[in-house]
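Let me begin by presenting the structure, written as structure tokens, before commenting on it.
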Amino acid sequence: MINPKVSVEFDIVPESHLNLELRTLNSSQIYVTLYDNNKKQIERYAVTIKGEASKFDRLIASNTQRQAVGMLTSYYLRTPQQARYIKVESSDDVYLRVKSRLANFHYQRRTAHQPLTTESTDGFYDIAAWYEQKASNHYDLAQREHFVNIRTFTPPRDIEETTTYYQSKELFNVLPLSNVALGLNPKRYYEKPEPSQEFNFGIYNNNHYFPSSGENDNRLILKINNNSANEVKTADISLSEKMKLIDEANTVYQNWYGHRPWVKQRLYQLDKNKPIKLLYSKNKHPISIVFKAFRTQSNKPIILSLEHTANYKLGLTSEYSIAKQSYQLHNSELLESFLIHPKKSQLASYPSVTFKVANDIDSLQSVTLTSSETIWLSILEEYLVKDQKVRWWNNEQ
């Protein structure tokens, strides 16, 4: 805990990045000062944090009693090369925790839709993004009983109306080999339902009517068996042929009625260890980029490595972007997918990876993706304004 009488100091490694976690019950002014090796001030920042009690977190007193504590407020700071010390002061009682990471430090984690064992697989180890730092004057603060423990809980996510749009990125110029797949992609329970599109499919029911030949939504996707799937336009075949195909198929999907959580999408083949680089201009870049990976022939884990280049904002920011990230993805037992292919339809789905363009980025230049195995890839970009272009997969033949 720091206040007007007691400040906190940390030794820092040159070009390290800092995460300052602040909590207070009263509005407070925070001063962050950077010093060089000679204790000469090189940068100073001031920020006001609003005092607000946390609904979930509690301070654990020395008698084990739980007490109210302020809501968590985080700030991030990219320190210059000459910085060696940081000092944090406040105008009121504020609890502070500082974590750090090197600028080029790698972040790694395993991701799955089902529980994983604690042991690492194939030598891939989780590497945390941040590491907690001990204050230079920690002993003095502990002697004054200014060092406390706080029990934290993750609050439920606020329900927000969707105001952005996802657009599939066309990759024909960089990944010429592509295929079409049908994947289960249900909406989250708290999301506002939207009308189904032509590329949305649902399980066919014998009681459903067949649309007229003039309607756009009049396709069937037939999963004949585990290795074969096909798509037909109902207007191109007779009623007897339709019924015969339906009787012969294990599962039938249609795009003209009812709940349709299956999405028809174009997938591009990304070769093993061959990076794909997405370039962006200063004036236009997405809010986030979603990478969805699939694999044929095998459902073993894959490693996706992400790296981006950008111009970052100076000073304190409320968000932070990690330059180098790697994810070991494990086959999802929740999402089913298959290729719409008459002879090779087997497809393993993996959890998606999202790169968020945080507010510490002034301008995004590029994002590079590399896979440890040959995969099928779909990339979605999130924008504030809906693209007026007719999406090419709506009329996929």
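The values are calculated or read from the model by the stated rules, or taken from the named source; none is laboratory data. Since this is a predicted model, take the numbers as computed values, not measurements. Here the Cβ is made from the backbone with ideal geometry for all residues, glycine too, and neighbour counts use every protein chain on show. Side chains included, ligands, DNA and RNA excluded: accessible areas come from the protein's heavy atoms. Shrake-Rupley method; radii C 1.70, N 1.55, O 1.52, S 1.80 Å.
Listed values, structure above:
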item	result
Of LYS169/LYS343; LYS264/LYS292; LYS284/LYS324, those spanning more than 20 Å from alpha-carbon to alpha-carbon	LYS169/LYS343; LYS284/LYS324
Amide H within-cut-off set for GLY51, under 5 Å, with H built and near neighbours excluded	SER27, SER28
Most mobile listed residue (THR117, THR251, THR33) in the chain, GNM with C-alpha springs under 10 Å	THR117
Cα convex hull volume per residue for the chain (Å³)	183 Å³
Accessible area in the full protein assembly, largest first, 1.4 Å probe, for ARG188, ARG151, ARG84	ARG188, ARG151, ARG84
Per residue value of the accessible surface for the chain (all protein chains in place, 1.4 Å probe), Å²	57 Å²
Sequence-distant lysines (8 or more away, or on other chains) whose Cα lies within less than 17 Å of LYS5	LYS87
Computed over the range 244-358, the ratio Rg/Rh where both radii use C-alpha atoms and Rh is Kirkwood	1.06
HN-Hα J in Hz across the range 301-308 - Karplus 6.51, -1.76, 1.60, θ = phi - 60°, x for Gly and Pro	x, 10, 10, 9, 10, 10, 9, 10
Pairwise label distance in nanometres, GLU194 with SER136, each label 7 Å out on the Cα-Cβ vector	5.2 nm
Counted charge near PRO155, where neighbours are those whose Cβ lies closer than 12 Å (Asp, Glu -1; Lys, Arg +1)	0
Degrees between helix 239-248 axis and first principal axis of the chain (Cα, 0 to 90, nearest 10)	60 degrees
Percent accessible area from carbon and sulfur atoms, the range 53-93, protein chains only, probe 1.4 Å	43 percent
Computed helical MRE - 222 nm, the chain, DSSP H runs ≥ 4 contributing -39500 (n - 2.57), nearest 500	-1000 deg cm²/dmol
